[in-house]
Every structure is written in structure tokens, then in C-alpha cells.
Amino acid sequence: MTLLDGKKLSQSVKDEVKSEVAKLVQKGIVPTLAVILVGDDVPSHTYVNAKAKACEYCGIKSLVYKLGADTTQSELLALINTLNFDDSVDGILVQLPLPAHINKATIIEAISTHKDVDGFHPFNVGLLNTGFESGLLPCTPLGVIKLLKAYDINVEGLDAVVIGASNIVGRPMATMLLNLGASVSVCHIKTRDLSLYTKRADLIVVAAGCVNLLKADMVKEGVIVVDVGINRLANGKLVGDVDFDSVSKKASFISPVPGGVGAMTIAMLMANTLKATLAHKKSREKSQK
Ligand code: NAD
């Protein structure tokens, strides 16, 4: 069994971004990411701080807007609009979840598609779904693909199962695997017999947020398992969705939690910010001609 070491790979992704950013800075371009956080959700504050720290490491300027829980939807839209038109800003990210009185879809749709470093805007989702991966892609599934490729895992022709069908992880994950030639089944909370799918799978990506959802008797020998889940137990320990101890005995490759996909997500956000900055630079140069 080989561990899919996201911690190590994420470091090399960040180092690559850092060296590309340094080249841009020499040309007078400082990649800039605006992160908006609304409300007091504790994990969101932790994620935003981690993103700011990664930006600092890579030499990306981060602008963090911490707004009160009573911020209105129009106030948030006004800030997004200002950032959309601010030529010094390359990427915009609104940390989810948002307070209940704010419509998530309206907010995501308001972000300029070129600055949508989370890859959640329907335009970027549409590009992914049509097989054109030229747009900005969601960081977590992008990190999974990067991790699989780093271990020379070719998914073409594999029977893949994605457990979880959210817009953030499951759906784009399934689409990326499909675009790479895997035969993909998407399972979710309404799936009647999960093990019917998982038992025949060559590759399983689990993103459900459910402790011990995938157990050894549900997988075949040699399976490749990627655990996206992040769950905090009562004792404070972080675990994924996979019963790691038992499943790792049958798996050929498996990602740990922590140290797997979680580390990759922020690294891919840095890579997306660089991608958005390069595209922004190109369009600026074009308009100056
Ligand atoms: P979500 O709640 O939006 O979606 C969960 C999905 O899993 C849904 O489609 C649901 O139908 C399915 N599901 C839930 N319980 C299930 C069950 N018992 N059987 C089958 N399907 C089930 O969550 P999300 O935002 O997609 O996140 C999923 C997990 O991944 C969470 O643990 C989250 O913390 C984690 N996550 C990790 C990262 C990372 O960077 N590693 C990033 C995003 C999310």
C-alpha cells in the first residue's frame, strides 16, 4: 500500500507557485487574492487564516474582508462588484457557508468569472462540464487529480465511484474523472446500496462528511482510495470518511486524513490565483495593444 502524501505534494505545488509569483513580482505584477468572510463561523475563520498564510508563503498579496454576520446581501454584492472592477485584484473568494439570509447562488454568480478562483461560478462549471478545462476549476477535486497524477495513477478506463454529490467536491470530482476517461458512478445519501458500487470500483473518492462510511468489506483488493472527508471527533481528533486502518490493508493507494487532500486544496487555490493572474495579465496586455 502506498500513501498518497498530499502534505508533501502541496509543499511542492506552493513552491512552484512561489517561484512563478517571484518572476511576476520582478515585472511589477503582484498577484492579489481578495477573500471575503461573512459572520462568525469558527472553521471558516480557521480556513481563511490558513489561506492568508499560504498566500504570504507564495508571495501573493491577500486582502481579507471580515464582515459581520448582519451584513446584507446588497452590501456583500456591492463589495464583490468593487473587487470585480478593481484592476489590482486577480482573484476573489467568498468563504462558504454564508449566513442563511444571503443567497449563495446569487453571490457566486456575482463574482467575475475570470476572478472566480474557487471555480464555483456556473460559467466555469459549464466549461468543466463540456470538457473544456480552460476555466478556473474547483480546488479540492483539482487537488485530488493532481495527487493521483503525481503517483502516476492513470484513471482512463477505471471504474470510479465518487461518494458525495456536492457542487464543491462530488460533482466536479466526477466530471474531472469522466473528462480523464474513467467510468464514473456518483453515489449520495439516497443511494440504496453503496457497497454495490464500491465493491467493484477500481478508484473510490469519498466526500460525504461521514465517519467510517467506507469500510474494508465494501472494497476490493488493490482499490485506490481518496478520502476527502474532514470530521472532528469528540476528542478533537481529525478523521476522514474512510475506516483507514482496515481499508488501507486492502488498498493499493490511499490518502490519509490529515495529510492528504486537505493540504492540496489550499495549494490548488494558490495555483488558481496564479492562473487567474496570468490570464488577467494577458487580457490587460491585449487591451493595451
Ligand atoms: P456536503 O454536505 O455539501 O455534501 C455531502 C455529500 O455527501 C452529499 O451529496 C450527500 O448526499 C453525500 N452523503 C452524505 N452522507 C452520505 C452517506 N451516508 N452515504 C452516501 N452519501 C452521503 O459536503 P461537501 O462540502 O461536499 O464536503 C464533504 C466532506 O468533504 C466533508 O467532510 C467536508 O468537510 C470535506 N471537505 C474537505 C475538503 C478538503 O479540502 N479536504 C474540502 C471540502 C470539503
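The values are calculated or read from the model by the stated rules, or taken from the named source; none is laboratory data. Just so it is clear, the model here is predicted, and its values are computed rather than measured. Positions of Cβ are generated from backbone atoms using ideal geometry, with glycine treated the same way; all protein chains shown enter the neighbour counts. Keep in mind that these areas ignore ligands, DNA and RNA; they rest on the heavy atoms of the full protein, side chains included. Shrake-Rupley method; radii C 1.70, N 1.55, O 1.52, S 1.80 Å.
Annotation note: Cβ proximity below 8 Å between a residue of the range 157-175 that is modelled with pLDDT of 95 or more and a residue that is more than 6 Å from the ligand (Cβ to nearest atom) and basic (Lys, Arg) (sequence gap 6+ or interchain) occurs for 159/200; 165/171.
With respect to residue 143, determine if the residue is small (Gly, Ala, Ser) and surrounded by fewer than 21 Cβ atoms within 10 Å (Cβ to Cβ). No.
Out of 80, 145, one residue alone is hydrophobic (A, V, I, L, M, F, W, C), without any contact (Cβ under 8 Å) to a residue 40 or more places away in the chain, in a helix (DSSP H, G or I) and in contact with a helix residue (DSSP H, G or I) (Cβ under 6 Å, 6 or more places away or on another chain). It is 145. Within the range 212-242, the set of residues being within 21 Å of residue 185 (Cα to Cα) and assigned to a loop (DSSP other than H, G, I, E, B) comprises 212, 213, 215, 219, 220, 221, 222, 223, 228, 229, 240, 241.
Inside the range 166-190, residues that are assigned to a loop (DSSP other than H, G, I, E, B), open to solvent by less than 30 Å² (accessible area, probe 1.4 Å) and either within 9 Å of the ligand (Cβ to nearest atom) or of a type in the set (Lys, Arg) (or both) make up a count of 1.
Every residue, every condition in (1) under 24 Å from residue 285 (Cβ atoms); (2) under 15 Å from the mean Cα position of the chain (by Cα); (3) assigned to a helix (DSSP H, G or I), yes or no:
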site	(1), (2), (3)
96	no, yes, no
102	no, no, no
113	yes, no, no
124	yes, yes, yes
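Looking across the range 243-279 at every residue that is part of a loop (DSSP other than H, G, I, E, B) and more than 16 Å from the ligand (Cβ to nearest atom), the one that is most open to solvent (accessible area, probe 1.4 Å) is identified as 249.
Of the residues making up the range 1-45, those that are in a loop (DSSP other than H, G, I, E, B) and among the charged types (D, E, K, R) number 4. In this structure, does residue 205 turn out to be closer than 20 Å to residue 143 by Cβ, free of Cβ contacts under 8 Å to residues at least 40 places away in the same chain and not in a loop (DSSP other than H, G, I, E, B)? So residue 205 does not fit the description; no.
Across the range 200-218, the qualifying residues are those that are of a type in the set (A, V, I, L, M, F, W, C) and more than 22 Å from residue 145 (Cβ to Cβ), and the one among them that is nearest to the ligand (Cβ to nearest atom) is 210.
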